[in-house]
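Right, one structure below, let's go through it.
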Amino acid sequence: MEWIWIIPEESGERIDALLPRYVEGLSRARAQKLLEQGAVTLGETEIVKKNRPVTAGERYLLRLPEAESAVPQPQDIPLDVAYEDSDLIVVNKPRGMVVHPAPGHTDGTLVNALLFHCAGELSGVGGVARPGIVHRIDRDTSGLLVAAKNDFTHLGLSAQLADRSLGRVYYGVVYGCPREPEGTVDAPIGRCPTDRKRMAVVPGGRRAVTHYRLAEPLRGFSLLEFRLETGRTHQIRVHMEHIGHPLAGDLVYGRKRPEHGLSGQCLHAAELHFRHPRTGEAMSCTAPLPAYFTGFLAKVR
């Protein structure tokens with residue numbers, strides 16, 4: 001059991017919103033669960049409810065339980081499989097699903113589902129916490145990603161990522177309309193110097209290149225097609241914020257309020273193109289725009 005004393009500097013913020021700012025890797029959902037379990041007290045004895053507004057100078061004690069096993073377990077979670085053979089599987093991930101276990105998301109991930117679906121036959125290149133995972137997409141981004149069932153396939157797909165022959169096409173809705181109907185954002189991405197939970201365009205960051213094309217102008221928004229040349233964390237989201245056209249619904253890099261019911265960025269990985277590492281065959285998979293995406297489009301057309 002790890003004990004952490006937390007002393008807020010300002011008043012009025014809810015305790016469940018405050019905790020993640022003081023404890024690295026703690027999500028608000030996990031903070032709420034800990035509060036519901038009575039793991040947070042005012043002083044050493046008074047159990048705190050999750051909606052309690054804090055007062056500057058109060059002393060809260062957070063009791064973190066022992067870390068859970070880092071080895072993910074198989075879970076019978078339905079998967080939308082776009083393609084599968086003995087070497088690899090392409091999955092159309094729904095929005096809201098985390099790709100692999102992380103602090104605050106120890107189960108219910110795509111990895112848990114893959115372990116069950118593939119009966120544990122996944123590559124080990126990425127380590128025990130990320131079996132089979134060649135590349136990732138954000139929790140609230142829907143769409144295609146490929147996972148490897150053996151190390152040979154994993155290394156082959158990783159090589160295609162490195163030489164940029166593995167093609168990924170996304171569609172997203174952004175605020176406003178870019179001045180040019182086609183363009184490229186070539187801007188380095190690294191950790192935000194003022195908020196370590198965010199990424200940002202920063203000098204000295206890793207090179208990141210996003211190509212975009214206007215697919216359809218909308219009322220106050222635009223539907224864009226994106227082609228990734230690199231694959232940095234939150235790349236499309238960061239680049240669109242950088243050029244002044246953040247993704248609709250993105251509460252981290254966009255406007256700090258839901259837009260027409262969107263609870264996350266309106267971004268979908270629609271196409272995946274690669275060569276099969278074992279056969280050399282050109283592979284192409286597509287995933288139609290999901291209901292949340294088409295529903296939002298209908299509201300802004």
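Brief remarks on what is shown
- Any chance residue 38 is at positive phi and in contact (Cβ under 8 Å) with a residue 40 or more places away in the chain: no
- Per-region count, the stretch 256-291, residues of a type outside the set (S, T, N, Q) and exposed (fewer than 12 other Cβ atoms within 10 Å of the Cβ): 8
- Residues of the stretch 200-242 satisfying the condition of being part of a loop (DSSP other than H, G, I, E, B), in contact (Cβ under 8 Å) with a residue 60 or more places away in the chain and under 18 Å from the mean Cα position of the chain (by Cα): 230, 231, 234
- Residues located in the stretch 81-93, provided they are surrounded by 13 or more Cβ atoms within 10 Å (Cβ to Cβ) and either over 17 Å from residue 280 (Cβ atoms) or touching a strand residue (DSSP E or B) at 6+ places or on another chain (Cβ under 9 Å) (or both): 82, 83, 84, 87, 88, 89, 90, 91, 92, 93
- For the stretch 101-111, the condition of being over 20 Å from the mean Cα position of the chain (by Cα) and either of a type in the set (S, T, N, Q) or not assigned by TED's automatic domain parsing to the domain that holds residue 149 (or both) holds for none of the residues.
- If the condition is being in contact with a Leu (Cβ under 7 Å, 6 or more places away or on another chain) and touching a residue at least 40 places away in the same chain (Cβ under 8 Å), then the stretch 178-187 contributes only 178.
- Residue selected from the stretch 255-295 under the condition polar (S, T, N, Q) and under 18 Å from the mean Cα position of the chain (by Cα), by the criterion nearest to residue 150 (Cα to Cα): 265
- Taken together, the criteria place residue 252 among residues that are under 20 Å from the mean Cα position of the chain (by Cα) and of a type in the set (Val, Ile, Thr).
- Note on the stretch 166-205: among residues that are more than 30 Å from residue 282 (Cα to Cα) and among the β-branched types (Val, Ile, Thr), the one that is surrounded by the fewest Cβ atoms within 10 Å (Cβ to Cβ) is 194.
- Of the residues making up the stretch 86-108, just one is modelled with pLDDT under 95 and polar (S, T, N, Q), namely 106.
- If only residues of the stretch 19-44 that are outside any helix (DSSP H, G or I) and among the hydroxyl-bearing types (Ser, Thr, Tyr) are counted, the one that is nearest to residue 104 (Cα to Cα) is 27.
- Condition broken by residue 42, with the remaining ones in (1) surrounded by 15 or more Cβ atoms within 10 Å (Cβ to Cβ); (2) among the aliphatic types (A, V, I, L, M); (3) in the same structural domain as residue 119 (by TED's automatic domain parsing) satisfied: (3)
The values are calculated or read from the model by the stated rules, or taken from the named source; none is laboratory data. Since the structure is predicted, the reported quantities are computational estimates derived from the model, not experimental observations. Cβ: placed from backbone, ideal geometry, glycine included. Neighbour counts: every protein chain shown.
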